[in-house]
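Data block below; observations after.
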Amino acid sequence: RDLFKNKTYSFLIIGGFSFGFTACILIGLFYFTEKNVNSGFANHKQIYRLYDLKRNTCNIYYDLNPLLADDYSDIINTCPMDFFNGFTFMVKDELANVSTILENVVSTNNNFFEIFSVSVVESLGSLPFDGKESVVITESVAQRLYKGGSAIGQTIAIDNYYAIFRGKVTAVIKDLPENSTFKAEIIMNSDNEDFRLSRTCKDDKCNYPTKHYIQLSESTDTEAFTSLINSSLDLNQFDLEQLALQPFDDIYLSKLTMKDMHFKGNIKLLNI
């Protein structure tokens with residue numbers, strides 16, 4: 001009876017409380033989502049990206065990867081990974097005369113699927129990449145191209161208006177988690193130099209700058225490991241000054257100013 005007797009006052013009290021409570025829930029959900037970017041990858045706490053501390057860059061020569069993979073017991077797995085987003089790529093199966101537009105292309109090797117715990121839906125062989133001409137596509141891309149038919153074994157052309165890559169689809173994977181700093185719709189085998197997305201050449205010698213991701217064991221002392229790789233590697237051959245590790249979880253809200261293709265959040269806005 002009091003509520004109906006004082007309708008204006010009741011509306012302000014109940015409405016204000018409801019509005020404030022809703023705002024608190026939405027802010028809490030936003031904060032939780034922003035703080036948990038990349039947590040959809042099973043190994044996210046053990047993944048790190050290498051970067052040059054002095055030059056503030058994560059573009060490092062591709063040839064570093066096999067040394068990391070072979071020489072350090074703390075490294076469970078390692079992969080090079082370069083990717084583009086925001087650029088338009090036309091992907092077409094010329095034989096089936098079907099095509100679609102993509103914006104997220106990744107170049108990496110088979111270790112990527114283990115490090116980032118990618119679920120393989122179907123594949124031609126025991127590994128997602130089966131041969132240097134291999135490409136892997138996501139379920140959503142396979143659906144757009146083949147409408148429920150099998151994509152395995154099909155040959156597709158990837159055209160970014162500057163170059164055309166042709167490859168054979170050897171696996172279809174689940175779409176990557178939505179709440180992550182990078183997307184992948186088509187993944188190309190970086191063991192094939194023609195499938196690497198960056199190249200610099202000087203005096204008839206070409207290098208392929210890329211990002212390097214490593215999965216460390218849970219017991220690894222990251223500071224000691226960083227000192228080890230800096231003292232044991234000949235950094236000059238890779239045009240490096242001093243290597244450092246950046247946790248994969250820190251990339252989204254990082255204070256580092258390195259230029260890369262990862263989606264970034266605003267730590268100041270989040271703190272406010």
(message) Mean Kyte-Doolittle hydropathy of 0.0 or higher plus an axial Cα length of 18 Å or more: which whole DSSP H helices in the chain meet both?
(response) 7-35
(message) Let me check something: with ligands and nucleic acids excluded, how do Leu124, Leu12 order by accessible area (1.4 Å probe), largest to smallest?
(response) Leu12, Leu124
(message) Can you give me the % of accessible surface on the range 59-150 that is carbon or sulfur? Probe 1.4 Å, all protein chains present, nothing else counted.
(response) 46 percent
(message) Straight-line reach only, C-alpha to C-alpha below 16 angstrom: list the aspartates and glutamates that Lys5 could link to, leaving out same-chain residues fewer than 8 apart.
(response) none
(request) Please check the chain for the longest run free of trypsin sites (Lys or Arg not before Pro) that are loop-located per DSSP (anything but H, G, I, E, B) and have at most 16 other Cβ atoms within 10 Å. (result) 56-131
(request) Output the Kirkwood hydrodynamic radius of the range 110-188, Cα pairs only, in Å rounded to one decimal. (result) 12.9 Å
(message) Give the separation of the Cα centroids, the range 26-43 to the range 62-82, in Å.
(response) 28 Å
(message) Placing +1 on the Cβ of each Lys and Arg and -1 on the Cβ of each Asp and Glu in the chain, which of Thr22, Asn192, Asn236 has its Cα farthest towards the positive end of the resulting dipole?
(response) Thr22
(message) List the residues, sorted by chain then number, that are 5 or more residues from Ile173 or on another chain and whose placed amide H is less than 5 Å from its amide H.
(response) Val121, Ile137, Thr138, Glu139
(request) Mind telling me which of Phe165, Phe112, Phe129 comes out most flexible in a GNM of the chain, alpha-carbon contacts under 10 Å? (result) Phe165
(message) If the reach is capped at under 27 angstrom between alpha carbons, list the lysines near Lys92, excluding any in the same chain fewer than eight residues apart.
(response) Lys132, Lys147, Lys168, Lys174, Lys183
(request) Quantify how much of the Cα-Cα distance distribution of the chain extends past 25 Å, in percent. (result) 54 percent
(request) With a 1.4 Å probe and every protein chain left in place, work out the accessible area per residue of the range 180-265 in Å², rounded to a whole number. (result) 51 Å²
(message) Can you tell me which of Asp82, Asp52, Asp221 moves the most in a GNM of the chain? Springs connect C-alpha atoms under 10 Å apart.
(response) Asp221
(request) Per residue of the range 175-187, in order, report the coupling 6.51 cos²θ - 1.76 cosθ + 1.60 (Karplus, θ = phi - 60°) as ³J(HN,Hα) in whole Hz, putting x for Gly and Pro. (result) 4, 5, x, 5, 8, 9, 8, 9, 10, 8, 10, 9, 10
(message) Given a Förster distance of 45 Å, report the FRET efficiency between Thr222 and Val120 from their Cβ-Cβ distance, rounded to the nearest 0.05.
(response) 0.90
(request) Any chance you could look up the accessible area of His262 with a 1.4 Å probe, heavy atoms only, rounded to 10 Å²? (result) 10 Å²
(request) For the range 1-160, count the residues as N, evaluate 2.2 N^0.38 Å, and divide the Cα radius of gyration by that value, please. (result) 1.63
(message) With every protein chain kept in place and ligands, DNA and RNA left out, what is the accessible area per residue of the range 50-128? Probe 1.4 Å, answer in Å².
(response) 45 Å²
(message) Strictly under 4.7 angstrom between C-beta atoms: which cysteines of the chain have no such partner?
(response) Cys24, Cys58, Cys79
(request) State the answer as a single residue: which of Asn77, Leu127, Val91 lies farthest towards the positive end of the charge dipole of the chain, with beta carbon charges of +1 for Lys and Arg and -1 for Asp and Glu, about the Cα centre. (result) Val91
(message) Solvent-accessible area of Leu256, probe 1.4 Å, all protein chains present, reported in Å² to the nearest ten, please.
(response) 70 Å²
(request) Would you mind telling me which residue in Phe238, Phe248, Phe83 has the biggest mean-square fluctuation in a Gaussian network model of the chain, where springs connect alpha carbons within a distance under 10 angstrom? (result) Phe238
(request) Would you compute, for the Cα atoms of the range 166-272, the largest minus smallest coordinate along each principal axis and list the three values in descending order, in whole Å? (result) 48, 39, 29
(message) Please list Thr100, Thr257 from largest to smallest accessible area, probe radius 1.4 Å, with all protein chains kept in place.
(response) Thr257, Thr100
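The values are calculated or read from the model by the stated rules, or taken from the named source; none is laboratory data. This one's a predicted model, so the numbers in the text were calculated from it and none came from an experiment. Every residue, glycine among them, receives a Cβ derived from its backbone with ideal geometry; neighbour counts consider all protein chains shown. These area figures cover heavy atoms from the full protein model, side chains too; ligands, DNA and RNA do not enter into them. Shrake-Rupley method; radii C 1.70, N 1.55, O 1.52, S 1.80 Å.
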